[in-house]
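Taking it in order: structure first as structure tokens, then the write-up.
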2 protein chains.
Amino acid sequence: MAGTNSENEVVAFLGPITSYTHQAALSRFPESQYKIVPQTTIADVFDAVQSGSVTQGVVPFENSSNGSVIFTLDLFADLQDRNPDIVVCGEIYLPIHHCLLGHVSKQDNAQSETTQSASKAKPLHDIKHITKLYSHHQAWGQCNNFLTTYFKGIERIDVSSTSKASELVSQDTTGTSAAISSRMAGDLYGLALLGENIEDMEGNSTRFFIIRRRDNKSTDNTPVSDAVAETDEEHARYKTLISFTVSHGEPGALAGCLAIFQKFRLNLTSINSRPSDEATWHYIFFVETMGRKRLDGQGAVNQALHQLEGVAQSSRWLGSWENALKA
Amino acid sequence: MAGTNSENEVVAFLGPITSYTHQAALSRFPESQYKIVPQTTIADVFDAVQSGSVTQGVVPFENSSNGSVIFTLDLFADLQDRNPDIVVCGEIYLPIHHCLLGHVSKQDNAQSETTQSASKAKPLHDIKHITKLYSHHQAWGQCNNFLTTYFKGIERIDVSSTSKASELVSQDTTGTSAAISSRMAGDLYGLALLGENIEDMEGNSTRFFIIRRRDNKSTDNTPVSDAVAETDEEHARYKTLISFTVSHGEPGALAGCLAIFQKFRLNLTSINSRPSDEATWHYIFFVETMGRKRLDGQGAVNQALHQLEGVAQSSRWLGSWENALKA
């Protein structure tokens, strides 16, 4: 692919360097072909794509253990109309393996003794010298068994990312702190691997969205011919994200909107709600369905979107993309 | 009401003392009639009710600005079957007014100068001496305009509750820290009121659930005669919470479940999803509908629950209670 016009394409991701989003971005946008640039916040990634200073962006959307990333949902809700042109054009699933990273104790006995425990992972070194743990708040919940077994009562400090946790531990001259972070971050900051795969759940995984401007056709990942018939198999190849709000006073308004998807046999795969700024206890709903919005305007998703406009208070197509879980 | 058998009833709430949940609990369970006891975590409140050591519990469910409290949702999801008997039996809406609490500077000029700002709230005293802010992570998001206007670049420290923030500031002998917390907490810890109603949104409000064991009939808040016809008005007097999971491989399974509520003209007022432990990317869904499960088994909610059993992989009635927003 080297030598294509993607050579100079700039892609933004939620940083810092070695973040899980960085790893997801690298898996789709190799540095040999793309210039990938870290952003401080998810909002910064949206801003960079909206303004056109980058062509695509990579943001976390949901984790299999922790659920939706509400910051990302709120940016798609776009209540202040800052990101009117942003759509999803792809997804990346990244297995998340957390490591315990830090400094090896001078009295190290290499392998730690075996303990009766709920945690399948074991420390690879002595951990008695560790008095303080750094990580991102989502990581604690994903490593609960390991932490309960080996670090009960040990101080935990929330920092802005797991990469930041590694950086802070690398600066700790006492050697008594450790980070829950990625192996890539540990390598960058020269930390010792004190434990690996310490997450509770096999299959712990995060889904990232690739976003673009809707007028950027070169990044459209659903370019198949509209001549293809809308079989179930064809539907399963794509996913679509849609947001809508309903009139609060109208009984059955939410059910009425959801019924439209059923009418067109669109399989809803996820549903989320977030507060809408408009008034207290009003919500904006997000549904994800199989299928895609077709260019010829004739598909089931197109028809559902059209009918939704008549029933919902407001609605927005937030992109269609290839289903990454489909072989 | 003094002298009723509620005199010795013990009610648990999410502490610490002066938390917003404490204030919600006091509004429904006055100390003249109930013994109300703080718990460290939301899980502790569920445990206390499940074990029968208290008869009822009060937990936060959602905030109008920040959305659902995922810890509470996950306890209702009850994937480890620890709380099989917990149901919701009531709700409390509490307006949330955040204050800036701290120490008055020795060089204080009483009223701070007026600044051009996006924040309607203004500091009541000099704030130049403040170098550090403590609060609960949900509060930052609710006071964004005030913080951006007056505390740009000032260090923020996340603590476990807004009450804890006040306690820490009261122990700060330098006087240079302040808390975003409740007036009640400020009073308890003897802090000066440096700003009030600093939340962004008018109508910022949190909804709390009162939980009980399903076999505790004395706490049943839907005891009206089943002879009452199920008019729309009757429906609007109650709310019901239901959770369900769907077979992942089956197209339309989620829409099929939601269609049942539409069939029985049940107005869904909220919908949430959380990861289900069962397998990666499986969800448990929560819907809230108007209406109640009737004792005679004949109501629309009863019928919907019955049909849901046939369509969903699993489903659970999580309680019916009086709608606190209905006059």
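Test of understanding: among A:298, A:262, A:313, A:307, which residue is more than 19 Å from residue A:214 (Cβ to Cβ) and either in contact with a Pro (Cβ under 8 Å, 6 or more places away or on another chain) or at pLDDT 95 or above (or both)?
Of the residues listed, the single one that is more than 19 Å from residue A:214 (Cβ to Cβ) and either in contact with a Pro (Cβ under 8 Å, 6 or more places away or on another chain) or at pLDDT 95 or above (or both) is A:307.
Residues being more than 12 Å from chain B (Cβ to nearest Cβ), of a type outside the set (Gly, Ala, Ser) and under 30 Å from residue A:301 (Cβ atoms) are represented in region A:185-208 by at least one member. For residue B:53, the requirement of being within 14 Å of chain A (Cβ to nearest Cβ), assigned to a loop (DSSP other than H, G, I, E, B) and of a type outside the set (Asp, Glu) is not met.
Tell me, which residue of region A:242-288 that is buried (at least 18 other Cβ atoms within 10 Å of the Cβ), more than 9 Å from every other protein chain (Cβ to nearest Cβ) and of a type in the set (Ser, Thr, Tyr) is farthest from residue A:310 (Cα to Cα)? Only one residue fits best here, namely A:276.
Within region A:155-185, being modelled with pLDDT of 90 or more, touching a Ser or Thr at 6+ places or on another chain (Cβ under 9 Å) and in a loop (DSSP other than H, G, I, E, B) holds for A:174, A:175, A:176, A:182.
Filtering region A:213-244 to residues that are modelled with pLDDT of 95 or more and over 12 Å from residue A:91 (Cα atoms) leaves A:213, A:242, A:243, A:244. Selection of region A:12-40 for residues being open to solvent by less than 20 Å² (accessible area, probe 1.4 Å), within 22 Å of residue A:218 (Cα to Cα) and in a loop (DSSP other than H, G, I, E, B) yields only A:29. How about region A:295-317: which of its residues are surrounded by fewer than 20 Cβ atoms within 10 Å (Cβ to Cβ) and touching a helix residue (DSSP H, G or I) at 6+ places or on another chain (Cβ under 6 Å)? Answer for region A:295-317, where residues must be surrounded by fewer than 20 Cβ atoms within 10 Å (Cβ to Cβ) and touching a helix residue (DSSP H, G or I) at 6+ places or on another chain (Cβ under 6 Å): A:307, A:311, A:317. Taking first residues from region B:188-207 that are farther than 24 Å from residue B:174 by Cβ and partners that are among the hydroxyl-bearing types (Ser, Thr, Tyr) and not in a loop (DSSP other than H, G, I, E, B), the Cβ contacts under 8 Å between residues at least 6 apart in sequence or on separate chains come to B:205/B:93; B:206/B:20; B:206/B:93; B:207/B:93. Annotation: residue B:295 fulfils all but one of (1) of a type in the set (A, V, I, L, M); (2) at the interface with chain A (Cβ under 8 Å from one of its Cβ atoms); (3) more than 26 Å from the chain's Cα centre (by Cα); the unmet one is (2). In the set (1) within 28 Å of residue B:219 (Cα to Cα); (2) at pLDDT 85 or above, the condition left unmet by residue B:327 is number (2). Of all residues in region B:138-151, none are open to solvent by 30 Å² or more (accessible area, probe 1.4 Å) and assigned to a loop (DSSP other than H, G, I, E, B). Out of the residues in region A:248-297 meeting the condition of being of a type in the set (A, V, I, L, M) and not in a helix (DSSP H, G or I), tell me which one is farthest from residue B:92 (Cα to Cα). Within region A:248-297, the match that is farthest from residue B:92 (Cα to Cα) is A:295.
Kindly indicate whether any position in region B:41-50 is part of a loop (DSSP other than H, G, I, E, B), over 25 Å from residue B:325 (Cα atoms) and within 14 Å of another protein chain (Cβ to nearest Cβ). Within region B:41-50, one or more residues are part of a loop (DSSP other than H, G, I, E, B), over 25 Å from residue B:325 (Cα atoms) and within 14 Å of another protein chain (Cβ to nearest Cβ). On the given criteria, is residue A:99 over 30 Å from residue A:176 (Cβ atoms) and not aromatic (Phe, Trp, Tyr)? Against the criterion (over 30 Å from residue A:176 (Cβ atoms) and not aromatic (Phe, Trp, Tyr)), residue A:99 does not qualify.
The values are calculated or read from the model by the stated rules, or taken from the named source; none is laboratory data. The structure presented is a predicted model; accordingly, all values stated were derived computationally and were not measured. We place every Cβ from the backbone using ideal geometry, glycine too, and count neighbours over all the protein chains shown. In case anyone asks, the SASA skips ligands and DNA or RNA and just uses the protein heavy atoms, side chains included. Shrake-Rupley method; radii C 1.70, N 1.55, O 1.52, S 1.80 Å.
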